[in-house]
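For reference, the structure is listed below as structure tokens.
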Amino acid sequence: MKNIKRFFGIVLTLVLAFSVVGCGDGKGGAKLDMSISTADNVTKVLRVADAYNGGTEVHIELAKGETEGAQIILRPNKNVKNFTVTAGELKSGTNVIAASAWTVYQEMYTETYERSKEIEDESLPLGEYPDALIPMEYAVSGGINNIESGTNQGVYVSLTAPETAAAGTYSGKFTVTADGNTFEVPANVVVYDFVISQESHSKTSFLIWKDILINGELDSSLSMYKTYYDFLLDYRINAYELPAEHGDTDGFVASADAYFDNPKVASYGIPFVLKTIYDPAFTRSPHHMGIDYAHMKESIRALAEASTNERNLLSKAYYYLHSIIDEFDHNNASDYAVFVDEKLGVMENELVAELDAEGFFKLGETDELRDAILNLPHVATMVYGIKEGELLPTTNGITPQIDAFRTDYERQVYQELMDNGDEVWWYSCVWPINPFPSYHIDDHLISARELSVMQKYYGIEGNLFWAVNGYVNWNRTAGMDHEKLEDLYTVANRAANRNGDGYLMYPGKPFGSDKPFPSLRLETIRDGQEDYEYLWQLEQEYEKLGVDYKSVFDTVADKLFTGMYTNYNSSSFYSVRRLLARLIELVQSDAEFAIDDIEFIKETVNITFSANENAEITLSDAEKTLVSTANGRKTYNTLFSLTNENNALVLTAISGSYTGNLNFALSGKAARVSEFDDAASLENIKVPLDSTKELNTNSEFAIDGNSVKVVLSGHDFGNDFDNKDFEPSVTFAVNGLGIAVEKLYRFTADVYNDGDAVQMFLKINQSNGMSEKTEGILLRPGWNKVIINQFHTLSANARGRIQSVEIALSNLLDESDNAYTRTLYIDNAYILAEGDLR
Amino acid sequence: MKKCIKIAFLLAAVLSLTVFFAACGKGGAEVIDPNLMAGFETEKEIYQTGFINNFGKIEHSDKHVTQGKYSLKAEVHGRLNVIYSQYERFNNPAMVIASENYIFSKTDFSDVGKVSFDVYADDDKDSEIVLFVEGSGVEMVESIAEVGRTTLKANTANNVTFAFSRESVGSKIKLDMIRRFYIAFEGRSSIDDEPMTYYIDNVRIETTTVAVKSTAKTSKPGELCFFDDPDDIYRVFATGADAMCSSRLSINYDLKYVSQGSGSLRIDIPRHSSRTGTEGAIDQTGIRLLRSLFENRDWSDYDANEYSFTFDVYNPSNEPLAVEMQFYSGNKVVYHGITVAPNSWSDKNLTKMPLSAIKQNFVEVEAMDMILFRIPQTPHSSEAPFRTVYIDNISVVSNNT
């Protein structure tokens, strides 16, 4: 009997011993060492990685009414079983922002076992990326608030500054408690002196897949859909469909009526009902899946009837018939898309005629409604963008993928549509991928944020994203559905082998929450939407004063991205935000200060600015000239040389009791490549064998002085491979000009194109023989100001090896491979370095 | 004693590994009862259960429990205004129970005689429920077969037990490759309907030792399907409708509607339930022939210039009936349509489809992988909710016949 007891005793002891080792919780009573660092909100700190060497305090700058975040990175030296982080109140003198203005989230990690398909950026390693943000209280109640020794645990802190908060610099702290140990993290918050627009001006159409809500929330009812819809509104995102049952016209209109006045609602789709149709007019396939046009007409009529001219429910409505028109160019369905759009047009005209007959449009009173019916945007997605000769269903609402805006030429196509009053949207679904902006997990977070800035800068009306709640594995089917996820929080690859694609949210139900949880990416998207509003507000303020905002926008864009390539530089990004905030503050102040124009001319910059005529503007280290006084404003000009490593416009504006400062970082040093005023200057440029160069003295083809005439010639090598590879070009040496090539960020030249419009690109040549080619730029007939900023897409090492740049064209061969020539006149070639804050 | 210690170490290792995997690992099925497919006892089990077609809302409940401590409360919504066009799919709200799940693991159902579950229908009206099974089809594609359907009595604890007809299911799906079961509910038919509430529990199988009856059949020369044998019902599939509105297939022995032999196929096609019918509506229903009926045939016996497909259709209504035969090979399809006069058999001269016409499109008749009969759905009529059609004598005949 004793033996038996002893036997079981041994068994029990060993069971416990093996179990502790297996689960490995690492108990210990000694004082916990924890390294604590802080990060901004566009940085992804991987869980298993080196200790993050960030800041020592949480630093946030934001406008009143804005939400902005930061991160605290915890890294204990032993396993932590329980931790929590709490926020304290913020104080600035006697002003207080309550602790409740903070939301604290524990970051959850999702592992990328394979890099998102086709992403080549080596700076995006495989690993455990932070994504799900679990509100701290749910992290605690859900028992996930533990940290493995020697790993990073991110805590995301989000602050919404009250609209009534006083501007200023606030201090506060966070308290980290871990297994009985307490740590403090200081917080420093700058509240700008303006209220961010609470109205969202960027249209969005992000799809909530109602059917699969149940996979995460155990609920796919309309009530849960509405919860998700409302949750997205907090992120300044509009779901495609308003909360209403499918096909319920009354419900849809009631919902439109209820949400129309919500400032966060900028757009909503008009729901459609599918219908199989026989229509011989569509000869390719008379039997086809279409929509119930009668139902659509009924919905639009109901919207119109619920509207007034002052409160036009149609003004935020659009068509998006995703089930029948989806990537029509990719699916070879342009003809069908056109057919459908024509039927929508017929339907709209019928409806207007009916309403006319009923006396709905009362003389001059409801013209706006009539126009709205006849001009509803038709969001129609396409993959490749508009190509020459493309059959388009509509130009009002055309929605190419984001990377279809990559070249100057492509953007010009859409700009022309916008100039005609059409809406242009863009969208992402699986594509694009890095280096273009994406919402993928293994991409730079900042690109998701800057996408909204790009949207505003390029005038893109709306942003469409295909799925926010992919609680399903779209990669694999399981019978009539897709496979369920092994885990709702940690599976990154859910669609098309692109990590993070198809979802931006996480279900709250498994943690006992009746609301979903955001992702780090969703927070970033909201931040971008708010950045959009900064630009919108500046634009509005400038327009009120009759000041052109374009040069400020150009300068801002230039600091953040080139074309559709972001520069991934977070310090540049935050300096731009600070600059925009300051410009908004200055223009809203009694000084009404605004920058009218910024023009880089050779090695100088010429800045025109204006202010209320009673304001006193004082420049630091520069002289100003009064240009004009009109309409109560004084306009000044200043010209200064870009001779310093950092060049900035520094000024003070004083008006009455108001004093405001501006430090507008412009650039680094400028250097002349050549002005081509003498034959000797031609020695520094090269052209290939068949091409020629000569000094041009005809002033018609020179901006000032002389220029270089380059006759570029195509060449037939007798085989397609070489013919395609050859790019006639003119090469300029850019090293040895007094600018460290690794700081080079802009090449400019005046180029006269003596022929039809043609696409050129810049080749950036390195000492190791490698060459990078920029996206195409359209050379229009006549003079062109060529500005190329795309140096940042090269790695730091590659930038250090830059030797020369080439203005290149594609091989000049006609259809029979006969070579022809193109004459260019080039003047004033300069390079510019980036300053410390580009 | 040394032996005891060794055993102790061994036991300890085994037990500790068990503890480890239970605590830390995702692990496999936690089988409570080998015949219990779903008991809804844990949240994990509920999350593993699928719910499709805008199912509605689900939660744990301690009401109407028939097994364990909990049942599953389901507030069933369902899709509205859907198009019933997807081949062999249904659009009704359904819960999906995988044959390999958290508490159950079985893919070979060749020894299963019954499937049952308990449903408390917490509503004032009766409703229909259908059990489907899905797995690797005998024709190499994932297929679905209906196990059974029944009416749930309102405000009643219903025990639903379906005989698992291995002959019927096995004619479409490999019995040893069953992957999931679908319990399909009616869902709402209009926006004004309140969602129905059910409590579901104790989904289980019952095994049997009775051998599966063979349904293999060798076609006679020329015959594809004569519908004389009751098992011929397993040689056709109803297509193009949702679960609750699918065509009902049965073998008819009323000789008035038989063109050869002793039986014919009766198809009761529901008139369209959700809309009133509009111009050119092509919502179609119909049947598909089991591929093995024509795939296994030695077509070298049939000279394409001398033989034709043919079939007979009886239209017992007072309105003309359009029927279209569709021959598929991959993306290619050959159509052959006829109109059958009211209360008449089809004209034999019109129903013939020369093999040469198919050959022109497919290269060879052997490449054919699907034969469908399509019949347009017609608007809903409260007087006659179904439209009935009879098909018989699907065969290959000489052009001279």
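Picking from residues in region A:670-706 that are within 39 Å of the chain's Cα centre (by Cα) and of a type in the set (Gly, Ala, Ser), the one that is nearest to residue A:727 (Cα to Cα) is A:674.
Yes/no matrix, rows are residues, columns are (1) touching a Gly at 6+ places or on another chain (Cβ under 9 Å); (2) open to solvent by 30 Å² or more (accessible area, probe 1.4 Å); (3) among the hydrophobic types (A, V, I, L, M, F, W, C):
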{"site": "A:788", "(1), (2), (3)": "no, no, yes"}
{"site": "A:793", "(1), (2), (3)": "no, yes, no"}
{"site": "A:801", "(1), (2), (3)": "no, yes, no"}
{"site": "A:808", "(1), (2), (3)": "no, no, yes"}
{"site": "A:811", "(1), (2), (3)": "yes, no, no"}
{"site": "A:815", "(1), (2), (3)": "no, yes, no"}
{"site": "A:825", "(1), (2), (3)": "no, no, no"}
{"site": "A:832", "(1), (2), (3)": "yes, no, yes"}
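Considering region A:788-838, and only residues there that are touching a residue at least 24 places away in the same chain (Cβ under 8 Å) and among the acidic types (Asp, Glu), the residue that is nearest to residue A:695 (Cα to Cα) turns out to be A:827.
Within region A:271-287, residues that are more than 9 Å from chain B (Cβ to nearest Cβ) and without any contact (Cβ under 8 Å) to a residue 40 or more places away in the chain sit with their Cβ atoms under 6 Å from residues that are open to solvent by less than 70 Å² (accessible area, probe 1.4 Å) and charged (D, E, K, R), at 6+ positions apart or across chains, in these pairs: A:271/A:241.
The rows are residues; the columns are (1) in contact (Cβ under 8 Å) with a residue 24 or more places away in the chain; (2) over 30 Å from residue A:468 (Cα atoms); (3) in contact with a strand residue (DSSP E or B) (Cβ under 7 Å, 6 or more places away or on another chain).
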| position | (1), (2), (3) |
| --- | --- |
| A:156 | yes, no, yes |
| A:165 | yes, yes, yes |
| A:169 | yes, yes, yes |
| A:174 | yes, yes, yes |
| A:183 | yes, yes, yes |
| A:198 | yes, no, no |
| A:208 | yes, no, yes |
| A:214 | no, no, yes |
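Considering A:259, A:268, the condition of being crowded, with 19+ Cβ neighbours inside 10 Å, free of Cβ contacts under 8 Å to residues at least 40 places away in the same chain and more than 14 Å from every other protein chain (Cβ to nearest Cβ) is satisfied by A:259 alone. Quickly run through region B:102-131 and pick out the residues that are surrounded by fewer than 20 Cβ atoms within 10 Å (Cβ to Cβ) and within 14 Å of another protein chain (Cβ to nearest Cβ). Result: B:107, single match. For region B:175-196, the candidate set comprises residues that are crowded, with 19+ Cβ neighbours inside 10 Å and more than 14 Å from chain A (Cβ to nearest Cβ); within that set, the residue that is farthest from residue B:114 (Cα to Cα) is B:186. Take the residues of region A:377-396 that are surrounded by fewer than 23 Cβ atoms within 10 Å (Cβ to Cβ) and among the small types (Gly, Ala, Ser): which is nearest to the chain's Cα centre (by Cα)? Result: A:385. Taking region B:54-80 as the search range and keeping residues that are touching a strand residue (DSSP E or B) at 6+ places or on another chain (Cβ under 9 Å) and among the aliphatic types (A, V, I, L, M), which one is most open to solvent (accessible area, probe 1.4 Å)? Ranking the candidates gives B:65 first.
Would you say residue B:199 is among the aromatic types (Phe, Trp, Tyr), farther than 23 Å from residue B:247 by Cα, touching a residue at least 12 places away in the same chain (Cβ under 8 Å) and buried (at least 21 other Cβ atoms within 10 Å of the Cβ)? First the steps, then the outcome.
Values: among the aromatic types (Phe, Trp, Tyr): yes; farther than 23 Å from residue B:247 by Cα: yes; touching a residue at least 12 places away in the same chain (Cβ under 8 Å): yes; buried (at least 21 other Cβ atoms within 10 Å of the Cβ): yes.
Yes, satisfied.
As an exercise: evaluate residue A:819 against (1) within 19 Å of residue A:710 (Cα to Cα); (2) open to solvent by less than 30 Å² (accessible area, probe 1.4 Å); (3) of a type in the set (Gly, Ala, Ser) and give the number of the one condition it does not meet. With respect to (1) within 19 Å of residue A:710 (Cα to Cα); (2) open to solvent by less than 30 Å² (accessible area, probe 1.4 Å); (3) of a type in the set (Gly, Ala, Ser), residue A:819 is out only on (2).
Scanning region A:438-457 for residues that are assigned to a loop (DSSP other than H, G, I, E, B) and either among the hydrophobic types (A, V, I, L, M, F, W, C) or touching a helix residue (DSSP H, G or I) at 6+ places or on another chain (Cβ under 6 Å) (or both) turns up A:439, A:441. Considering region B:77-128, the residues that are under 30 Å from residue B:372 (Cβ atoms), assigned to a strand (DSSP E or B) and touching an Asp or Glu at 6+ places or on another chain (Cβ under 8 Å) include one that is modelled with the lowest pLDDT, namely B:128.
Checked against the criterion of being under 15 Å from residue A:250 (Cα atoms), at pLDDT 95 or above, open to solvent by less than 20 Å² (accessible area, probe 1.4 Å) and aliphatic (A, V, I, L, M), region A:291-301 has at least one qualifying residue.
If you go through region A:674-712 and keep only what is in a strand (DSSP E or B) and buried (at least 20 other Cβ atoms within 10 Å of the Cβ), you end up with A:674, A:685, A:696, A:707, A:708, A:709, A:710, A:712. Given the conditions (1) crowded, with 23+ Cβ neighbours inside 10 Å; (2) within 14 Å of another protein chain (Cβ to nearest Cβ), and given that residue A:485 satisfies all but one, which numbered condition is not satisfied? Against the list (1) crowded, with 23+ Cβ neighbours inside 10 Å; (2) within 14 Å of another protein chain (Cβ to nearest Cβ), residue A:485 comes up short only on (1). Could you tell me whether region A:470-481 includes any residue that is touching a Ser or Thr at 6+ places or on another chain (Cβ under 7 Å), more than 14 Å from chain B (Cβ to nearest Cβ) and either assigned to a loop (DSSP other than H, G, I, E, B) or under 20 Å from residue A:115 (Cα atoms) (or both)? Looking through region A:470-481, none of the residues is touching a Ser or Thr at 6+ places or on another chain (Cβ under 7 Å), more than 14 Å from chain B (Cβ to nearest Cβ) and either assigned to a loop (DSSP other than H, G, I, E, B) or under 20 Å from residue A:115 (Cα atoms) (or both). Counted as qualifying within region A:207-314 are the helices (runs of 4 or more DSSP H) with 2 or more residues that are aliphatic (A, V, I, L, M) and within 31 Å of the chain's Cα centre (by Cα), namely A:213-217, A:222-233, A:249-259. Among strands (runs of 3 or more DSSP E) entirely within region A:22-130, having at least 1 residues that are under 25 Å from residue A:440 (Cβ atoms), of a type in the set (Asp, Glu) and open to solvent by 20 Å² or more (accessible area, probe 1.4 Å) singles out A:102-112. Among the residues of region A:417-426, are any free of Cβ contacts under 8 Å to residues at least 12 places away in the same chain, open to solvent by 10 Å² or more (accessible area, probe 1.4 Å), away from chain B (no Cβ under 14 Å) and in a helix (DSSP H, G or I)? Yes, there is a match, as at least one residue in region A:417-426 is free of Cβ contacts under 8 Å to residues at least 12 places away in the same chain, open to solvent by 10 Å² or more (accessible area, probe 1.4 Å), away from chain B (no Cβ under 14 Å) and in a helix (DSSP H, G or I).
Working only within region A:723-746, note down all residues that are open to solvent by 60 Å² or more (accessible area, probe 1.4 Å) and not small (Gly, Ala, Ser). Lay out the reasoning, then the answer.
We begin by selecting, within region A:723-746, every residue open to solvent by 60 Å² or more (accessible area, probe 1.4 Å); these are A:724-725, A:735-736, A:742-743.
If the condition is that a residue be open to solvent by 60 Å² or more (accessible area, probe 1.4 Å) and not small (Gly, Ala, Ser), then A:724, A:725, A:735, A:742, A:743 are the ones that fit.
The values are calculated or read from the model by the stated rules, or taken from the named source; none is laboratory data. Bear in mind the structure is a predicted one, so any value in this text is a computation, not a measurement. Neighbour counts run over all protein chains shown; Cβ positions are idealised from the backbone, glycine included. With ligands, DNA and RNA removed, areas are computed over all heavy atoms of the protein, side chains included. Shrake-Rupley method; radii C 1.70, N 1.55, O 1.52, S 1.80 Å.
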